[in-house]
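K.L.:
Sharing a structure below in structure tokens format, with a few things to ask.
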Number of protein chains: 2
Amino acid sequence: MSFSRLQRRIDQLKNPTVVGLDPDLAHIPASILDKHMSEHGEGLEAAALAVYEWGVGLIDALCDIVPALKPQSAFYEALGPHGVLTLKKTCDYARSKGMYVIIDAKRGDIGSTAAAYASAYLGRITVGNSTFAPFDGDALTVNAYLGSDGVLPFLSDAKQYDKAIFALVKTSNPSAGELQDKVAQGSGEKVYTLVGDLLAEISKDSLDDMGFSRIGAVVGATYPEESAFLRARLPNTFFLVPGYGAQGGSAADVAVAFNPEGKGAIVNSSRGIIAAWKKSGGGYADAARDAAIAMRDELRGVV
Amino acid sequence: MSFSRLQRRIDQLKNPTVVGLDPDLAHIPASILDKHMSEHGEGLEAAALAVYEWGVGLIDALCDIVPALKPQSAFYEALGPHGVLTLKKTCDYARSKGMYVIIDAKRGDIGSTAAAYASAYLGRITVGNSTFAPFDGDALTVNAYLGSDGVLPFLSDAKQYDKAIFALVKTSNPSAGELQDKVAQGSGEKVYTLVGDLLAEISKDSLDDMGFSRIGAVVGATYPEESAFLRARLPNTFFLVPGYGAQGGSAADVAVAFNPEGKGAIVNSSRGIIAAWKKSGGGYADAARDAAIAMRDELRGVV
């Protein structure tokens, strides 16, 4: 879905939050896992069914206050094919509840292979005379290290099916700068700036009615100076901002990712919401809702 | 599996080839797809079953002459959860036939998420008191744009379970250089060189009995000068060389990726082998075997 539609849902709920669904089994209450293991035995199928039940509980608790969900594919893949089936079912359920689904899979490859990833997560695939949408995300995270011909197939499907992508620009992790902060001779710009410029250039013909292109950028909250710099440089780029909360980014740190109208960015929290029950006690879904409301109110104070 | 074990299998078969299994449905003979569609209807399940049958046929035709197989995850994922199950079954079957399995998924993420990907493709995951290997590849391709803390979790599992990874250094596609060829101020080195150096540095304590570290490098055959430069600079790094054949790399272009002893590299061909039947006529498996023998003999001439 285009970013203007995401922005409208954010405006409606007055909440620029995306909840990161990271189904590390350590975040799943033991009672849910035990129930499925007693039915299906100790195995990846039971774990995947438990993760689905847990995700549905979170979506039900969050969908009227949080506009978007970001399932982290890695944790689903770690449960094998059963886990990938749970990823698909979870995406379907979240969309049925009105949430904007960002599949966080950080895919990237060369032309024809990138096109296959795009078909999987954003597009369609034809078998015989029938056409299917394998995962049907609203958006997908993408890694642009291979250059523009690794990104253009995603942009192509995004345009065709009214979807979007977020490409990694400046990530939130401690060693992000090892490559991303290198300064290039000639332009004098850092690698992450060059990536951002490249993405803006190849997507400049895809602006929606609010002026956002179909290629957004992942820009970590843990580097607020870089975030402010990129915000000014890339006015048509929607930002996905990880690193708030557990990773150390504050509300003030994320505020700089928004444009002067307070739009154009969405802030992710994963553990701070989905694992809130471990600190607060009580049910996991209620604890997640309370944490999401607290985050929303904190963001309202600075955006 | 460590690269010395891969090298021994290469030496045994006198063939430094890996066959890339890219199950684009256009490469699957219609008779196989039709058979499964008549049993299961036009859908992703039928397509995934057809891809499995096709892969088994290729593995049977190749396993006594080709040491390694590189399933391209993107095309399996494009068939949804059924396709991912076929990926797992295909990896299992190839390993049972003695092939070294490189899962080409180009994963990369920050710490805990990278650890989940490592568990999925190289390591183990625990459910209750039982432990499972979800995909159990011998090696995995990885994208290092996030820096060392996005790579170290893969190295950790590689050490623990006797596996290996190949990180993208200089890819084979036309736009590879847009970011990878930028020259960094200070060192005066290109980004791909800095990536190669970083990977060599963090894996230097993981050398096997032949002197190969557990982090290999993807170095495209389409840039032979850069390949020769990296070969000299990274003596302990095993190279995975895409770009031979359909993408334009010649036997002479790939020869420079090998060390002076003619070891330390494996050359990929995908379409040139798996889709050989479209040019040659005849059965797809026999055509693939003939093409693989021709490639082997061509490589023997230059390595």
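K.L.:
Summarise the accessible area of chain A (1.4 Å probe, protein heavy atoms) by the percent that is carbon and sulfur.
P.N.:
51
K.L.:
Taking amide hydrogens as modeled 1.01 Å from N in the peptide plane, which residues meet the under 5 Å criterion relative to A:Leu79, leaving out close sequence neighbours?
P.N.:
none
K.L.:
Further question on the same structure: B:Glu261 accessible area, nearest 10 Å², 1.4 Å probe?
P.N.:
Using a 1.4 Å probe on the heavy atoms, I get roughly 130 Å².
K.L.:
Using θ = phi - 60° and the Karplus relation 6.51 cos²θ - 1.76 cosθ + 1.60, list the HN-Hα couplings for the range A:51-66 in order, rounded to whole Hz, with x at every Gly or Pro.
P.N.:
Those phi angles translate into 5, 5, 4, 4, x, 4, x, 5, 4, 4, 6, 10, 5, 8, 10, 10 Hz.
K.L.:
A:Ala232 label point, 7 Å along Cα→Cβ, cut-off 17 Å on backbone N: hits in the range A:262-290?
P.N.:
Within reach of a label on A:Ala232, which here means backbone N under 17 Å from a point 7 Å along Cα→Cβ, the range A:262-290 contributes A:262.
K.L.:
I would also like to ask the following. For the range A:38-193, evaluate the Debye formula with one uniform point scatterer on each Cα (no solvent term) and list log10 I(q)/I(0) at q = 0.08 Å⁻¹, rounded to two decimals.
P.N.:
The Debye formula, applied to the Cα set alone, gives -0.29.
K.L.:
Let me ask something else about it. With springs connecting C-alpha atoms under 10 Å apart, model chain B as a Gaussian network and identify which of B:Gln185, B:Gln160, B:Gln72 has the largest mean-square fluctuation.
P.N.:
Between B:Gln185, B:Gln160, B:Gln72, it is B:Gln185 that shows the largest mean-square fluctuation.
K.L.:
Run the helix sum for the protein assembly as shown: -39,500 (n - 2.57) per DSSP H stretch of 4+ residues, divided by residue count, reported at 222 nm to the nearest 500 deg cm²/dmol.
P.N.:
Here the helix-only value at 222 nm equals -14000 deg cm²/dmol.
K.L.:
On to the next question. Enumerate the calculated ³J(HN,Hα) couplings along the range B:85-95 in order (Karplus 6.51 cos²θ - 1.76 cosθ + 1.60, θ = phi - 60°), each rounded to whole Hz, writing x wherever the residue is Gly or Pro.
P.N.:
These are the phi-based 3J(HN,Hα) values: 5, 5, 4, 4, 5, 5, 4, 4, 5, 4, 4 Hz.
K.L.:
Show me, bin by bin at 10 Å from 0, the whole-percent P(r) of the range A:165-303 based on Cα pairs.
P.N.:
Reading the bins upward from 0: 12, 38, 31, 14, 4, 0.
K.L.:
How are the alpha carbon pair distances in the range B:24-89 distributed across 10 Å bins from zero to the largest one, expressed in percent?
P.N.:
22, 53, 22, 2
K.L.:
Could you please tell me the mean projected area of the C-alpha convex hull for the range B:222-303, averaged over all directions and given in square nanometres to one decimal?
P.N.:
Hull-based average projected area comes out at 5.1 nm².
K.L.:
Taking the square root of 5 times each eigenvalue of the Cα gyration tensor, what semi-axes in Å does the equivalent ellipsoid of chain B have, largest first?
P.N.:
After diagonalising the Cα gyration tensor, the semi-axes are 30, 24, 18 Å.
K.L.:
Evaluate the relative contact order of the range A:31-157 (contact order divided by residue number), counting alpha-carbon pairs under 8 angstrom at least 6 apart; express in whole percent.
P.N.:
This gives 21 percent for the range A:31-157.
K.L.:
Could you please tell me the mean projected area of the C-alpha convex hull for the protein assembly as shown, averaged over all directions and given in square nanometres to one decimal?
P.N.:
Quarter of the Cα hull surface area: 25.4 nm².
K.L.:
If one computes the Cα centroid of the range A:1-76 and of the range A:97-171, what distance in Å separates the two points?
P.N.:
21
K.L.:
Okay, next question. Return the sequence-ordered ³J(HN,Hα) values of the range A:227-237 in whole Hz as given by the Karplus equation 6.51 cos²θ - 1.76 cosθ + 1.60 applied to θ = phi - 60°, using x for Gly and Pro.
P.N.:
5, 4, 4, 5, 4, 5, 7, 10, x, 9, 9
K.L.:
How shielded is A:177-186 by partner chains, expressed as the average number of their Cβ atoms within 10 Å of its Cβ atoms?
P.N.:
6
K.L.:
Past 32 Å, Cα to Cα: identify those pairs from A:Lys35/A:Lys159; B:Lys88/B:Lys159; A:Lys163/B:Lys70, in the order given.
P.N.:
Beyond 32 Å between Cα atoms: A:Lys35/A:Lys159.
K.L.:
Per residue, how much accessible area does the range A:109-214 show when a 1.4 Å probe rolls over the protein heavy atoms, in square angstrom?
P.N.:
30
The values are calculated or read from the model by the stated rules, or taken from the named source; none is laboratory data. From a predicted model like this one, the values you see are computed outputs, not experimental measurements. Here Cβ is always computed from backbone atoms with ideal geometry, including for glycine, and neighbour counts include all displayed protein chains. Areas reflect the complete protein model, heavy atoms only, side chains present, ligands, DNA and RNA absent. Shrake-Rupley method; radii C 1.70, N 1.55, O 1.52, S 1.80 Å.
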